[in-house]
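To keep things clear, I will list the structure first and then write my remarks on it.
The values are calculated or read from the model by the stated rules, or taken from the named source; none is laboratory data. Predicted, not measured: the structure shown is a model, and the values here were computed from it. Backbone-built Cβ (ideal geometry, glycine too); neighbour counts: all protein chains shown. When the accessible area is computed, the model is the full protein with side chains, heavy atoms only, and any ligands, DNA or RNA have been set aside. Shrake-Rupley method; radii C 1.70, N 1.55, O 1.52, S 1.80 Å.
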Amino acid sequence: MDFTLTAEQSQMRQLVRSFARDVIAPRASEIDRTDRFPRDLIRQMGELGLMGLPIPEAYGGVGADYLSYVLAIEEISYASAAVGVILAVHTSVGTFPILYFGTDAQRQRYLPKLASGEWVAAFALTEPDAGSDAAAIRTRAVRDGDDYVINGNKVFITNASDADLFCVFAVTDTRRGKRGLTAFLVERGTPGLVIGRKLEKMGLNGSGTCELVFEDMRVPAENRLGQEGEGFSIAMRLLDGGRIGIAAQGLGIARAAFDAAHAYVRRRRQFGQEIFQFQGVQFMLADMATKIEAARWLVYHAAVLRQNGQPCTREASMAKLFATDTAMQVTTDAVQLFGGYGYVKEYPVERYMRDAKVTQIYEGTNQIQRMVIARHLPRA
Ligand code: CAA
């Protein structure tokens with residue numbers, strides 16, 4: 001398989017890289033410290049087309065291919081993993097649901113606003129007692145005339161502090177298990193939608209992770225996404241793509257940590273020489289670089305499969321598993337190479353390490369990715 005980037009993909013990567021380094025990177029530490037959702041940056045990203053990169057031009061997007069979108073997440077996460085996840089969730093599991101499963105009316109109503117960055121989207125699947133076991137959700141949607149009445153709770157919802165549109169999953173038929181789940185599009189401001197507590201996290205500050213409460217929330221039936229009972233399948237199909245995005249986020253974080261550590265060991269002198277000269281340091285860097293390279297090919301391979309419409313569930317999970325484990329290992333080693341300076345906030349590597357951790361957890365823990373991979377192994 002040839003991964004040589006086309007002229008358009010290279011150009012797009014250059015554009016995003018420049019924006020990420022000139023505009024996002026100088027803000028990354030402040031976003032981490034204040035834990036404030038960077039709405040102004042999101043607006044700027046919208047003006048550049050980044051909030052609707054893979055969305056067709058007919059709906060106000062750029063119409064770029066999927067690999068271009070994945071490259072954009074990687075470059076943005078290099079500068080700020082928090083801004084990277086805002087973009088990834090907004091697009092992969094916030095906007096794609098409407099593009100793939102929405103009616104014409106839903107597409108016309110929502111896609112232009114989301115693609116322009118005027119609106120931000122969120123994905124509300126996880127509940128306090130339904131994380132890895134996504135089908136165990138208890139949020140209930142009951143049909144009442146032309147509406148559904150929804151009651152329940154969600155937790156760990158990325159972007160929720162500022163999201164304008166939520167893709168909400170609820171049980172419409174308690175007797176049908178996984179086939180009793182249904183997806184709904186819920187606008188901010190809908191009576192009964194309560195944006196709950198914002199969660200204080202180890203890292204990825206600024207991504208507005210909140211609880212949600214639905215109290216007799218009335219949603220018009222025209223806001224149902226797909227048919228009743230299709231919710232679980234919709235969630236799983238979205239997560240196949242979403243996981244490639246999170247893999248790209250891990251890759252971006254790992255590359256940032258590697259570059260910082262590499263530059264540092266070339267200037268830090270101990271025992272009369274730059275510490276890069278010590279073989280122990282060189283071996284660490286060699287391992288870090290090799291894992292990053294392997295992660296890059298897994299991520300791009302999964303992205304190209306998806307772009308070509310080929311099955312990619314297993315490859316998406318492999319990319320997510322390997323790239324995010326790499327992010328954790330590389331950022332931890334980067335902190336080690338910086339020594340005491342790695343542990344203080346004057347340097348960015350401690351943030352990279354805190355941000356990397358959650359990539360092994362969300363959009364399916366890396367244990368869940370292993371389950372998915374094992375289930376998709378070809379029979380010997
Ligand atoms: N594509 C299409 N359909 C799929 C699918 C896929 N990738 N995976 C499963 N399905 C279908 C199956 O074919 C099956 O359909 P039938 O009933 O018609 O046969 C149905 O879904 C049930 O599948 P399983 O029996 O495999 O379901 P399961 O309960 O054993 O587990 C799981 C599936 C993979 C463990 C799933 O529950 C899972 O992915 N869990 C992790 C949840 C997760 O990733 N949450 C992320 C939250 S969002 C987030 O993190 C966003 C953020 O903030 C960054």
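The sole residue among T359, T331, T290 that is open to solvent by less than 40 Å² (accessible area, probe 1.4 Å), away from the ligand (no atom under 16 Å from the Cβ) and not aromatic (F, W, Y) is T331. Identification of helices (runs of 4 or more DSSP H) wholly contained in the range 69-140 with 1 or more residues that are open to solvent by 10 Å² or more (accessible area, probe 1.4 Å) yields 96-101, 104-115. Total residues in the range 238-277 satisfying the condition of being within 23 Å of the chain's Cα centre (by Cα) and not aliphatic (A, V, I, L, M): the figure is 11. Within the range 325-334, if we keep just the residues that are of a type in the set (V, I, T) and in contact (Cβ under 8 Å) with a residue 40 or more places away in the chain, the residue that is nearest to A374 (Cα to Cα) turns out to be T326. Cβ-Cβ distances below 8 Å connect the following pairs, each with a first residue in the range 141-162 that is closer than 24 Å to E222 by Cα, a second residue that is of a type in the set (D, E) and within 16 Å of the ligand (Cβ to nearest atom), and a separation of six or more residues or different chains: G152/E127; N153/E127; N153/E211; K154/E127; K154/E211; I157/E211; A160/E211.
When the test is whether a residue is out of contact with any helix residue (DSSP H, G or I) (no Cβ under 9 Å at 6 or more places or on another chain) and not hydrophobic (A, V, I, L, M, F, W, C), G206 does not pass it.
From T103, T91, T34, T95, which residue is among the β-branched types (V, I, T) and touching a strand residue (DSSP E or B) at 6+ places or on another chain (Cβ under 6 Å)? Residue meeting the stated conditions: T95. All told, A28 falls short of being aliphatic (A, V, I, L, M), more than 30 Å from R354 (Cα to Cα) and modelled with pLDDT of 95 or more.
Touching a residue at least 40 places away in the same chain (Cβ under 8 Å), within 16 Å of the ligand (Cβ to nearest atom), surrounded by fewer than 24 Cβ atoms within 10 Å (Cβ to Cβ) and on the phi < 0 side of the Ramachandran plot: does that describe T365? Criteria met by T365. The single residue among E57, E127, E75, E118 that is within 16 Å of the ligand (Cβ to nearest atom) and of a type in the set (D, E) turns out to be E127. Checked against (1) of a type in the set (F, W, Y); (2) in contact with a Ser or Thr (Cβ under 9 Å, 6 or more places away or on another chain); (3) over 20 Å from A316 (Cβ atoms), F169 passes all but a single condition, namely (3). Give the range 7-43 a look and list any residue that's buried (at least 20 other Cβ atoms within 10 Å of the Cβ) and part of a helix (DSSP H, G or I), or say none. Across the range 7-43, the qualifying residues are M12, V16, F19, A20, I24, A28, I31, D32, L41, I42. Of all residues in the range 168-212, those satisfying the criterion of being within 14 Å of I137 (Cα to Cα), open to solvent by 40 Å² or more (accessible area, probe 1.4 Å) and out of contact with any Asp or Glu (no Cβ under 8 Å at 6 or more places or on another chain) are T174, R175, R176, G177, K178. Here the range 226-264 is the region considered, the condition is being among the basic types (K, R) and within 14 Å of F96 (Cα to Cα), and the residue that is surrounded by the fewest Cβ atoms within 10 Å (Cβ to Cβ) is R237. Would you say T4 is within 18 Å of G117 (Cα to Cα), of a type in the set (S, T, Y) and either open to solvent by 10 Å² or more (accessible area, probe 1.4 Å) or assigned to a helix (DSSP H, G or I) (or both)? So T4 fails the test. Take the residues in the range 307-324 that are more than 16 Å from the ligand (Cβ to nearest atom) and in contact (Cβ under 8 Å) with a residue 24 or more places away in the chain; name whichever of them is surrounded by the most Cβ atoms within 10 Å (Cβ to Cβ). Step by step, filter the range 307-324, then rank; the result is F322. Looking across the range 140-192 at every residue that is farther than 23 Å from R109 by Cα and among the acidic types (D, E), the one that is farthest from the chain's Cα centre (by Cα) is identified as D144. Among the residues of the range 98-115, at least one is at pLDDT 95 or above, within 22 Å of A20 (Cα to Cα) and small (G, A, S).
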